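Q: Here it is, the structure, as structure tokens.
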Amino acid sequence: MKNKNNMQKLGGIAAIYMACSYIAMIAYFLVIIDYASITDAAEKIQLFIGRENAFFLIYLAGYVVFGLALIVISFALYERLKKAAKSAAYISTALSLIWACLLIASGMVTIRGIHTAAAIYPSDPAQAIAVWISVEAVSLGLSFSDGEILGGLWMLVLSIAAIRTKVFAKPLNILGIIIGAAGILSAVPAINDAAGTGVFGIGQIAWFIWLGIALIKAKPKEKEQPFNVQM
């Protein structure tokens with residue numbers, strides 16, 4: 001029982017880290033360097049030059065470590081759901097693990113791509129641009145920039161199961177359902193920015209903090225649910 005409770009606390013710490021990671025990414029990319037306003041590949045590479053260490057750290061923290069934290073929270077949530085909603089626990093865990101692996105891969109590809117493009121650019125700008133365009137396409141594809149389908153499905157399945165089995169507070173589960181649905185809807189091009197970056201991205205910050213506190217405060221007896229709901 002003690003080991004299970006430790007897993008809950010680790011999951012809570014991971015969830016709060018993920019929220020902080022989101023905040024750091026938003027602050028760096030939207031406020032500090034205004035990356036969203038740069039659309040030209042050459043300008044992006046010029047931005048990388050001299051800032052490689054900063055980009056390395058932000059992608060390491062925001063993608064690689066974020067993905068590892070997602071793995072930790074996946075198993076913590078599996079422990080909370082497996083007694084009451086075994087099928088949902090399996091499905092949500094599988095979705096989150098796949099999502100975590102893709103995010104880690106996206107971060108590692110981007111880190112290497114930035115280093116390569118920045119190194120090539122001074123001697124061969126055209127080649128550097130070609131490299132970066134290819135790397136960026138792969139990285140964005142892995143991270144589901146055109147629709148948070150995996151993350152949305154994970155949150156939706158998890159939150160529906162949690163609300164049916166009364167795991168966590170009802171408002172937290174309702175928030176998870178809304179954010180999960182927004183992530184799935186972000187695959188629609190017309191509402192990608194509003195549903196993806198807006199509702200899903202910003203909403204997850206609040207959801208991860210709330211979830212993290214709930215997991216850290218969890219008592220051993222809370223993990224054993226009297227329900228037998230399969231999803």
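Q: If one takes the longest principal axis of the Cα atoms in the chain, at what angle in degrees, from 0 to 90 and to the nearest 10, does the Cα axis of helix 170-185 lie?
A: For 170-185 against the chain, the angle is about 40 degrees.
Q: Could I ask something else about it? Can you give me the Kirkwood hydrodynamic radius for the chain, using every pair of distinct Cα atoms, in Å to one decimal?
A: On the way: mean 1/r = 0.0541 Å⁻¹.
Every distinct Cα pair counted, the radius reaches 18.5 Å.
Q: Still on this model: Sticking with the crude label model, points 7 Å out along Cα→Cβ, report the distance from ALA42 to ALA126 in nm, one decimal please.
A: 1.2
Q: Now a separate question. For helix 125-142, report the angle its Cα long axis makes with the longest principal axis of the Cα atoms of the chain; keep it between 0 and 90° and round to the nearest 10°.
A: 10
Q: Compute the relative contact order of the chain as a whole-number percentage, counting only Cα pairs closer than 8 Å that sit 6 or more residues apart in sequence.
A: Values: 338 pairs, mean separation 67.3, N = 231.
Over the chain, the number comes to 29 percent.
Q: Among THR93, THR39, THR197, which one shows the biggest mean-square fluctuation in a GNM of the chain, springs joining Cα atoms closer than 10 Å?
A: THR39
Q: Percent of alpha carbon pairs in region 2-66 separated by more than 14 Å? Could you put the intermediate results ahead of the total?
A: Values: 1379 of 2080 pairs.
Above the 14 Å cut-off, region 2-66 has 66 percent of its Cα pairs.
Q: For region 1-98, with only Lys/Arg (+1) and Asp/Glu (-1) charged at the beta-carbon, what is the dipole magnitude about the Cα centre, in debye rounded to 20? List each step's numbers first, then the result.
A: On the way: 9 positive and 5 negative charges, 185 e Å.
I would put it at about 880 debye.
Q: What percent does the relative contact order of region 18-116 come to when contacts are Cα pairs within less than 8 Å and at least six residues apart?
A: Numbers: 73 pairs, mean separation 32.9, N = 99.
Here the relative contact order equals 33 percent.
Q: Pick out, from GLY198, TRP132, THR165, the residue whose Cα sits farthest towards the positive end of the charge dipole of the chain, with +1 on the Cβ of Lys and Arg and -1 on the Cβ of Asp and Glu.
A: Going by the charge dipole, the pick is THR165.
Q: Report the local net charge at GLU43: Lys and Arg +1, Asp and Glu -1, summed over other residues whose C-beta lies under 15 Å from its C-beta.
A: Spelling it out: positives minus negatives among the neighbours equals -1.
Q: Only four residue types carry charge here, +1 at the Cβ of Lys and Arg and -1 at the Cβ of Asp and Glu. Report the dipole size of the chain about the Cα centre in Debye, rounded to the nearest 20. Kindly include the intermediate steps, with their values, before the conclusion.
A: Values: 17 positive and 12 negative charges, 351 e Å.
Charge dipole, the chain, about its Cα centre: 1680 debye, nearest 20.
Q: May I pose another question? Rounding to the nearest 10 and keeping the result within 0 to 90°, find how far the Cα-based axis of helix 86-120 lies from the longest principal axis of the chain.
A: The helix 86-120 is inclined about 20 degrees to the chain.
Q: Can you list residues whose amide H is under 5 Å from GLU148's amide H, if they're 5+ apart or on another chain and H is modeled 1.01 Å from N?
A: HN-HN under 5 Å from GLU148: SER186, ALA187.
Every number in this text was worked out from the coordinates using simple rules, so none of it is lab data. All of these numbers come straight from a predicted model, not from anything done at the bench. Cβ coordinates were reconstructed from backbone atoms using ideal geometry, including for glycine residues, and neighbour counts include every protein chain displayed.
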